[in-house]
Amino acid sequence: MPSKPARRQAFRLTAVGADVVLVGYFSAKQKDFETLMASAATELAVRGARVVVQIVQRRGVSDGGVQKMGQPYSSRTLLSYGKVREVAQACDQANADAVIFVASLTERQQRTLTAMLGRPVVSLSDVLAAD
């Protein structure tokens, strides 16, 4: 009898003071990205998390990026390879418990990033929905 597929589980911030890295992915047209990042950090703080690092990937800021705006940098990670390395370094330096993306992630992106970064990776909407 085949087992049922596992349902996607959101990272639960059960411990007050969990250290998280907050990652934002925004187009160059999104002028209020700093406000969105601050709002996301506040939402996480209300749930007991401590945002130790914030990292932003802006899309379409360069000439070449404008033509690729409709596509993610990587369908596997949403971010550029260099930005993934930056997130990994920040996680290691801050000894972060999890990485939370402001943007929605597919299950594949979540699994890939979790494996690459060595800690749970979820989207902010998953954390908010877990309440």
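The values are calculated or read from the model by the stated rules, or taken from the named source; none is laboratory data. What you see is a predicted model, and the numbers here were worked out from it, not measured in a lab. Reconstructed Cβ throughout: ideal geometry from the backbone, glycine too, with neighbour counts over all protein chains shown. Only protein heavy atoms, including side chains, enter the accessible area calculation; ligands, DNA and RNA are left aside. Shrake-Rupley method; radii C 1.70, N 1.55, O 1.52, S 1.80 Å.
Roughly how many percent of the accessible protein surface of region 86-131 is carbon and sulfur, given a 1.4 Å probe and a whole-percent answer? Carbon and sulfur atoms account for 46 percent of the accessible area of region 86-131.
Calculate, for K31 and T106, the FRET efficiency according to 1/(1 + (r/R0)^6) with r their C-beta to C-beta distance and R0 30 Å; round to the nearest 0.05. So, using R0 = 30 Å, E works out to roughly 0.70. For S123, the residues whose modelled amide H falls within less than 5 Å of its own, excluding neighbours fewer than 5 places apart on the same chain, are F101, L105.
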